[in-house]
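Q: The structure follows.
Where a number appears in this text, it was derived from the coordinates with a stated rule and is not lab data. Quick caveat: nothing in here was measured; it's all calculated off a predicted structure. Cβ sites come from the backbone with ideal geometry, for glycine too, and all protein chains shown count toward neighbours.
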Amino acid sequence: MAVDSNGIILQIFQDRTVPELVEGSGEIEEYKGIICPGFINTHCHLELSWLKGKIPMNTGLDGFLREFMLTAPTQPPPKGGGDSRRGIQDEVTDAIKRAILEMKTNGIVACGDISNKSISFEQKDKSELFFHTFIELYGFDPLRAQKVFQQGKDLLDQHHGIRKKASITAHAPYSVSTKLLKMIADEALQQHSILSIHNQESEDENIFFEKGEGKIRDRLEWYGIDLKDWKVPGMRSVEWLLSQLPSSIKTLLVHNTVSKKEDIQRAGEINPNLYWCFCPKANIYIENKLPDFNLFYGEDVRCTIGTDSLASNDGLSILEELKIITKTSPEIPLEILLNWACKNGAEFLGIGKQYGTLEPGKKPGILLLDGCDFQNLRLTEETKVRVLV
């Protein structure tokens with residue numbers, strides 16, 4: 001492979017013969033390993049990076065969210081005393097800086113990042129990484145839909161001052177009203193934008209939409225939300241969610257921990273523009289349960305990889321996420337996993353012209369995977385990633 005000083009691929013060779021055109025134009029380097037494009041992290045929460053290690057593991061999603069609500073207001077102490085607000089901002093900002101550097105070191109070149117506030121905007125704007133910011137909205141009470149949506153629009157207006165892309169999205173089917181979801185969908189249609197929504201992280205989500213019962217109902221009532229006028233859809237959550245969204249909107253469903261074959265098939269019938277994102281280490285951290293990756297591989301749907309936040313993970317590494325999938329689903333070929341980690345994510349974020357594949361004219365980032373099982377073309381526990389370009 002010939003690459004110029006800016007990281008743009010000039011030519012890809014099929015054997016070890018290097019044409020004279022390339023010889024003498026620069027240093028020729030030889031590596032043993034697997035070369036792949038830079039990784040695409042389609043789901044992260046950078047602004048939660050300061051919560052690393054602060055929320056207990058294996059509490060289940062309901063326990064995790066309750067712990068989050070109790071922990072997040074207890075902000076970290078200010079550095080060296082002084083103004084408390086400034087100290088809190090510095091602590092959060094420093095954690096975001098470290099998280100971005102960690103992603104870059106681990107070969108991530110682009111990221112779909114969830115934001116509920118503006119505190120990560122400046123650091124994302126300064127970064128060499130490509131970011132698409134998803135302004136995430138919550139609001140199950142339909143009476144608050146207009147206010148919540150306007151807050152999202154105001155936050156989006158703040159983001160418009162920087163050079164990265166952004167769009168408004170919903171948190172999850174159980175955390176937005178039908179009215180708010182319609183406003184979000186209308187905005188996506190008008191702006192030709194994309195959506196990223198948490199999906200089927202626990203069976204409680206399906207119980208809530210099928211029967212109107214369970215932990216999610218209890219949690220919403222714990223938040224003080226009146227559910228007496230809410231009509232139970234009587235269907236699984238992903239079917240309800242996608243039935244509320246135009247099928248032309250490119251949508252990422254995140255986590256999919258308890259999604260079944262019928263969910264995948266029905267979702268594909270409703271929306272042909274779907275992508276499915278896995279964050280295995282976060283699944284283990286929160287629920288200690290993983291999606292059935294083989295189901296998605298068997299259905300031949302477009303999958304991507306995310307890291308979730310450092311509130312629910314001990315690191316931000318796509319390679320480490322892939323190792324989990326390799327260990328639990330060895331039937332899935334490495335070529336497919338790299339498509340999930342690179343090509344599909346780039347396509348979803350709309351950056352496939354530069355990222356996701358190794359092709360002349362692109363500047364996708366170039367990684368070396370060393371320590372693989374080369375005979376069987378598999379990742380091992382010893383596999384490391386090295387950023388070459």
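Q: Hey, which lysines would be in cross-link range of Lys126, C-alpha to C-alpha under 18 Å, not counting anything within fewer than 8 residues on its own chain?
A: Lys97, Lys104, Lys117, Lys164, Lys165
Q: Take each of the peptides 247-257, 333-343, average the number of other beta-carbon atoms within 10 Å over its residues, and list them starting from the highest. Spell out each step's value before the answer.
A: Values: 247-257: 22.1, 333-343: 20.5.
By packing density, highest mean first, the sequence is 247-257, 333-343.
Q: Taking 0.36 nm per residue of sequence separation and subtracting the Cα-Cα distance, how much length would be gained by fully extending the chain between Glu203 and Lys260, in nm to one decimal?
A: That works out to 19.4 nm of additional length.
Q: At 7 Å along the Cα-to-beta-carbon direction for both Ile336 and Lys54, put a label point, then send me their distance in nm to one decimal.
A: 3.9
Q: Could I have the simple spin-label model distance between Gln146 and Gln11, label points 7 Å from Cα toward Cβ, reported in nm to one decimal?
A: 6.4
Q: Hey, got a sec? Which GluC sites (Glu not before Pro) in region 160-237 land in a DSSP loop and have at most 15 other Cβ atoms within 10 Å?
A: Glu213
Q: Size of the dipole of the chain about the Cα centre, Lys and Arg at +1 and Asp and Glu at -1 on the beta carbon, nothing else charged, in debye to 20?
A: So the magnitude is around 860 debye.
Q: Rg (Å, one decimal) plus Dmax (Å, integer) for the alpha carbons of region 234-389?
A: 16.1, 52
Q: Report the per residue volume, in Å³, of the convex hull enclosing the C-alpha atoms of region 116-214.
A: Dividing the Cα hull volume of region 116-214 by its residues yields 111 Å³.
Q: Hey, with R₀ at 51 Å, roughly what FRET efficiency would Glu221 and Glu381 work out to, going by the Cβ-Cβ distance, to 0.05?
A: Rounded to the nearest 0.05, the efficiency is 0.70.
Q: Between Lys327 and Glu102, what's the calculated FRET efficiency when r is the beta-carbon distance and R0 is 22 Å? Round to 0.05. Could you put the intermediate results ahead of the total?
A: On the way: r = 22 Å, r/R0 = 1.01.
The calculated FRET efficiency here is 0.50.
Q: Which residue, Leu379, Leu274, Leu369, has the most motion in a Gaussian network model of the chain that connects Cα atoms within less than 10 Å?
A: Leu369
Q: Please order Lys164, Lys384 by the number of other Cβ within 10 Å, starting at the fewest.
A: Going from least to most buried by this count: Lys384, Lys164.
Q: With the cut-off at 18 Å, report for region 307-389 the share of all Cα pairs above it, as a whole percent.
A: Working: 1654 of 3403 pairs.
Everything past 18 Å amounts to 49 percent.
Q: State the Cα centre-to-centre distance between region 254-288 and region 220-253 in whole Å.
A: 16
Q: Per the Kirkwood formula on distinct C-alpha pairs, the Rh of the chain is how many angstrom? Intermediate results must be reported in sequence, preceding the final value.
A: Details: mean 1/r = 0.0456 Å⁻¹.
For the chain, the Kirkwood estimate is 21.9 Å.
Q: If you average 1/r across every pair of different Cα atoms in region 291-339 and take the reciprocal, what Kirkwood value do you get, in Å?
A: One over the average 1/r among Cα pairs gives 11.6 Å for region 291-339.
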